[in-house]
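Below is one structure; the comments refer to it alone.
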Amino acid sequence: MQPFGPSLTRALSIAALGIGLALPLAAKAQAPAGAANTLDAVRARGSLICGVNTGLAGFAQPDSQGVWRGFDADYCRAVAAAIFGDPNKVRFVPTTAQVRFTALQSGEVDMLARNTTWTLSRDTSLGLDFTATNFYDGQGFMVKASAGVKSAKELEGATICVQPGTTTEQNLTDWARANRIRFTPVVIERLEELLSAYVSGRCDAYTTDVSGLAATRSAQQRPADHLILPDIISKEPLALGVRQGDARFADITRWVHFLLLSAEEFGITQANVDQMANDPRPEVQRILGKNGGLGEMLGLQNGWAVNVLKAVGNYGELFQRHLVPLGIQRGPNALWTQGGLQFSPPFR
Amino acid sequence: MSDLTLNTPAAASPEAVSRSAPLSQVGLLGWARANLFSGWLNTAVTLVLAYLLIRWIVGFAEWGIVNAIWSVPDNQTQACRDLKGTGACWAVIAEKHRFILFGTYPFEEHWRPALCVLLFIGLYVVSAMRRFWRPVLGLIWAVVLTLIGVLMWGGVAGLSYVPQERWGGLVITLILATFGLAFAFPLAILVALGRRSKLPAIKALCVLYVELIRGVPLISLLFMASVMFPLFLPEGMNIDKLLRAQIAIILFAGAYLAEVVRGGLQALPKGQYEAADALGLSYWQKTGFIILPQALRMVIPPLVNTFIGFFKDTSLVLIIGIFDLLTAGKTAIIEPAWQGFGIEVYITVGAIYFVFCFAMSKYSQNLEAELNRHRRR
Amino acid sequence: MSDSTIDPRSLRTPPRRPLRLSWSDERVRGIVWQVLVVGLVGSIVWWLWSNTVHNLEVRRIATGFGFLTREAGLPIAEHVIDYSPTDTYFRALMVGLLNTLKVAIVGIILATILGTLIGIARLSKNWLLAKLAAVYVEVIRDLPLLLQLLFWYAILQGLPGPRQAIHPMEGVFLSNRGLKLPWIEWQDGHSYALLMLILGAVATWLYRRQALARQMRDGRPRPVWPVGLGLTLGLPLVVWAAAGAPWTVDWPALRGFNFQGGLNVSPEYFALLLGLVLYTAGFIAEIVRAGIQAVALGQWEAAQALGLRSGQVLKLIVLPQALRVIIPPMTSQYLNITKNSSLAVAIGYQDIVSIANTTLNQTGQAIEGIAIIMLVYLTISLSISLFMNWYNARIALVER
């Protein structure tokens, strides 16, 4: 038989037909999540889509089984638990620094829990609203202890590793200009590539948010070989973000954060949330939905708080679970009652 | 540099026939003498290369086998770090291989992407066999690709639904490459025909498309897919990130394949076109029954080579954060305990790419030789 | 529509028959098809465009290229021209473009040399050499370039730190900060000398043409090299001496954190160059091998029979024929190097893609950023294509 002939053309046309039929299946557009009402869209879809980092230890990172773990990932679970009563009704979409805002604007994700610094220009010109600062951070430097550097001011002439396209890069430039320090940058977008550049000694210093520095440091073979310099060169309030103009959904993410704080304040934990239902304090009663009907005001069920706390625990527990093992201290993220900045408005 | 093997064979002298060759000219010794140690320059080259090769092999074996650590108890990588680079830490592969292969796909459901990988391989093998080069092949492709879609998504026949953003690893690489080819090929044929069309507007459109796409790097198309596509669509409508990257790869592959197909169309003797016209066939009859079957036959080997190129190029989705094989490999070593074992992961991932590409490239070489056999005398 | 192509059917009827408004008229069908296709493509483009304009407005994303004159504020490690973060985005993008060209041009030259050597090695009589070359070609072509780049970058990071730098000879340091070489301090005299070198090369080329033309007339070969040497070497030397023979060597030395002075080849640049050259050389080797094998054995024999020396055989008979086969695929490899250099973004070499990418991150203007990237590559690709097509046409077989 002639290997090729009209038969091949027929094969191709059948393939084209089959593929044409398969196309609508593949091009299944997601349920539209218009700017107006994210909550309804999320409910209709049956799951929350949450934009997280592509991989940052302690905040969001898939484990060996492919399950997303971390502080930010648990914020996503908390919001899902508040809406559905089930922390597993969440889908994680890893987003790079470059596409995170586009992904939120276009409705590809419902919210961002992705180490995003709250700045004026982002809040006003990128079509998103920041709702709550779930982590207060600041930019610092880490150097090898053997370099003998005690202050960032001594970094004249150094090579510094920095991630491009972030506020980190701009802060570094501003700081260097203000202090008349010349430096050579090494800019790599993929974090793991950048980290290995610092660890291998390609750079003298690595600059990012202090939490990131602490996480990197604790992951090293001998953490004592690395020194986080005392200079903090910027304020980095890392905040949750939602699409602009959706006040209801913004409220939900904001109050989920406040719930986690209040729960810590009143000593409600993952383990004791059921017993605490009998706690006589009126605010605890209101938080846990015994009375006051606060959940309905948010457009949720009154048991939302119990669901959230059962799913992930309170703020302190989240911190303890994901960040303390990396050597990150509470610092400014302690509750206001303990001298920190984390403050929840009253549940009333 | 040594001489080229283009010298004419020495004329055989008539009396050489009756005598047997001296011992130094036959057997292993003779072969080595002729091919490795003819002349001092050749001998020197052989010795230097052999020395380097042996040193490298010994060094690699020491690092990769003798001093290597194959497994460690629950994430205690201290033993690996104590090696200080003198040995490989294959424990990272032992711990992370499921993540590298399947990404964030639900752990208990890993058999589904695994089955899909086997289906893909089966599809390649079937497509490679000439006795399946019949209309039924189109049907097989349609069925298998649909089956893969069903397996991956689930939601029917008792399979749980797995949203697309949880897919990852090797299967993403195979999906991007295979679906890319399946959609780009029909597109490429149309564009190639259009580029040779006598209709000026259609020709201009096709030339514009091919030259625009071939003039820019794939990365810029992927960036476009990840940050610009969402702006192109009306409000409230969006297509997910994998599909956007897939569209970029189809557009890219379409332009390159179109040029390959056009090469086949041009290589066809003009007489074939004229003969078809003389028979009074319409344009589509002429193209479908006379031109394409012959033209495509000629370009199968370059088509396979182009496909190998796409297979490798799918790794670029790393830059827009899609969890293909390479991205999954790199993400596996973010976890603090496993940071710093990049070389081991790269070697493993490289080996997987190599197996696929090498098989296809060998196949293409054999096919080329086979298809050209009728031309040789 | 033109009737320039002769359709067999048009022979039956006069070529200039009037258009009949009927589906059976081929020309009418052609026009209808074109209107349909152009209309379809046009309406899709219009739809996408109007969506984009609407989305930009709704999301309040700025448009236009006004940002080019704003202060960039992004640090760039390697720059051919002067640059500081206070410069504009436009200048930052220029720096990126020059960085792209820097890696592409050097990459093309090195890959051609290495590829040719490996291609010839594959045809070697030495079995070991030929096999090794074949294995190299097969392995390097079957691994993704991005993976290779990441691999080389990881290897280069494993070099010792600047204090323990490998120091094979005076002024040369190899460390994880890159390769440091001594370099002369650039002064005006050097620029004049460089200019003279270029002028000398052009003059030599013109002289050679003339010499060849005269050889064609009277058959007497005229040696070109004495005049060429004088023009390309002597002239710049004289100008350099006249400018006061400036000669200060800038030696690299470890001061503070890093080496100061001298010429620096950064690990990012080196990894990218290494990856591109090794990868592309695998493809070029195959092209060169095919080109040499395409020259029939009889051509070698015939040339030897004419009494040409082996150098002449290569130069006058074999190369011109092999090049005809080699040039077209070589062009696409050169284009590939240029386009593949965009993978720099993965390992932190700040080429045009990396800088445009940061720019679009900071300004939020994705369309403009990507338009710049595409425009730059289209221009480069088109220039290389035009040059290689011109060269190809020059060496092409002149057919009757």
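Observations
- Amide H to amide H distances under 5 Å link C:Gly348 with A:Glu189, where only residues 5 or more positions off or on other chains count and H is placed in the peptide plane.
- Hz values of 3J(HN,Hα) by residue in the range A:224-237 - Karplus curve (6.51, -1.76, 1.60), Gly and Pro given as x: 5, 6, 10, 10, 8, 5, x, 5, 10, 9, 7, 9, 10, x
- Sorting C:Val139, B:Val304, A:Val210 by the number of Cβ atoms found within 10 Å of their own Cβ, with the fewest placed first, yields C:Val139, B:Val304, A:Val210.
- Taking amide H atoms as placed 1.01 Å from N in the peptide plane, the amide H of A:Leu128 lies under 5 Å from those of A:Gln244, each 5 or more residues away in sequence or on another chain.
- Taking the Cα centre of chain B as reference, the dipole from Cβ charges on Lys and Arg (+1) and Asp and Glu (-1) amounts to some 1360 debye.
- Note on B:Phe132 and C:Val53: their simple-model spin labels are 5.0 nm apart, each label 7 Å out from Cα toward Cβ.
- Using alpha carbons only: equivalent-ellipsoid semi-axes of the protein assembly as shown, gyration tensor based, whole Å: 54, 40, 31
- Cys residues of chain B counted as unpaired, since no other Cys beta-carbon is under 4.7 Å: B:Cys116, B:Cys206, B:Cys357
- Based on Cα contacts under 8 Å between residues 6+ apart, chain B shows a relative contact order of 18 percent.
- Counting Cβ atoms of other protein chains within 10 Å of each residue's Cβ and taking the mean over peptide C:42-54 gives 2.
- Cα centroid of the range B:218-250 to Cα centroid of the range C:113-143, whole Å: 40
- Legend: Rg and Dmax of the range B:289-345, from Cα coordinates, 18.8, 62 Å.
- Partner aspartates and glutamates for B:Lys286 [C-alpha distance under 16 Å; skip if fewer than 8 residues away on the same chain]: B:Glu274, B:Asp277, C:Asp7, C:Glu26
- The protein assembly as shown - share of DSSP beta bridges that are antiparallel (%, nearest 5): 70
- Result for chain A in a Gaussian network model with C-alpha springs under 10 Å: among A:Ser47, A:Ser196, A:Ser262, the largest mean-square fluctuation is at A:Ser196.
- The Cα atoms of chain A cover 79, 64, 38 Å along the three principal axes, with the biggest extent listed first.
- Whichever lysines have a C-alpha closer than 19 Å to that of A:Lys290, once near sequence neighbours (fewer than 8 apart) are set aside: A:Lys310
- Taking GluC sites (Glu not before Pro) in DSSP loop states with no more than 12 other Cβ atoms inside 10 Å as exposed sites, chain C has its longest site-free stretch at C:186-398.
- Inter-label distance for C:Trp225 and B:Leu118, nm, one decimal - labels placed 7 Å from Cα along Cα-to-Cβ: 6.8
- Distance from the range A:91-116 to the range B:290-332 (C-alpha centre basis), Å: 28
- The string of couplings for the range A:118-130 from the Karplus curve (6.51, -1.76, 1.60, θ = phi - 60°) is 7, 10, 5, 5, 5, 5, 9, 10, 10, x, 9, 10, 8 Hz, one whole number per residue in order, with x for Gly and Pro.
- Of all aspartates and glutamates in the structure, those lying under 15 Å Cα to Cα from A:Lys235, and not within fewer than 8 positions of it along the same chain, are A:Asp137, A:Glu169, A:Asp174, A:Asp209.
- Cα centroid separation - the range C:170-226 against the range C:298-361, whole Å: 21
- Using the Cβ-Cβ distance between B:Ser282 and B:Leu139 with R0 set to 30 Å, the FRET efficiency works out to roughly 0.70.
- Per-peptide average of other Cβ atoms within 10 Å, ordering C:356-367, A:123-134 highest first: C:356-367, A:123-134
- Choice from C:Gly30, C:Gly189, C:Gly275 showing the highest fluctuation, given a GNM over chain C with Cα pairs closer than 10 Å: C:Gly30
- In nm, spacing of pseudo-spin labels at B:Phe60 and A:Ser125 (7 Å Cα→C-beta vector): 5.3
- Computed from the C-beta positions of B:Leu208 and B:Leu49 and an R0 of 56 Å, the FRET efficiency is 0.65 to the nearest 0.05.
- Along its first, second and third principal axes, ordered by size, the range A:84-169 spans 53, 31, 20 Å in Cα coordinates.
- Sequence-distant residues sharing a close amide H with A:Arg69 (under 5 Å, placed H): A:Gln61, A:Asp63
- What you get for chain C, charging only the Cβ of Lys and Arg (+1) and of Asp and Glu (-1), is a dipole of about 1520 debye around the Cα centre.
- Structure note, pairs B:Lys96/B:Lys330; B:Lys312/B:Lys362; C:Lys131/C:Lys339: Cα-Cα distances above 21 angstrom occur for C:Lys131/C:Lys339.
- One chain, two ends: C:Leu263 and C:His167. Fully extended at 0.36 nm per residue, the span grows by 33.1 nm beyond their Cα-Cα distance.
- A simple rule links phi to the HN-Hα coupling: the Karplus curve 6.51 cos²θ - 1.76 cosθ + 1.60 with θ = phi - 60°, which for the range C:224-240 gives 9, 5, x, 5, x, 4, x, 6, 8, 9, x, 4, x, 4, 4, 5, 5 Hz, with x for Gly and Pro.
- In this Cβ point-charge picture (+1 for Lys and Arg, -1 for Asp and Glu), the range C:92-207 has a dipole of about 360 debye about its Cα centre.
- Label zone (C:Leu195, point 7 Å along Cα-to-C-beta; backbone nitrogen cut-off 17 Å) within the range C:242-259: C:242-246.
- Using a Förster distance of 41 Å, the FRET efficiency for C:Leu206-C:Ser332 (Cβ separation, nearest 0.05): 0.85
Read the figures in this text as sums done on the coordinates, not as results from a lab. A quick note: this is a predicted structure, and the numbers were derived from the prediction, not measured. Here the Cβ is made from the backbone with ideal geometry for all residues, glycine too, and neighbour counts use every protein chain on show.
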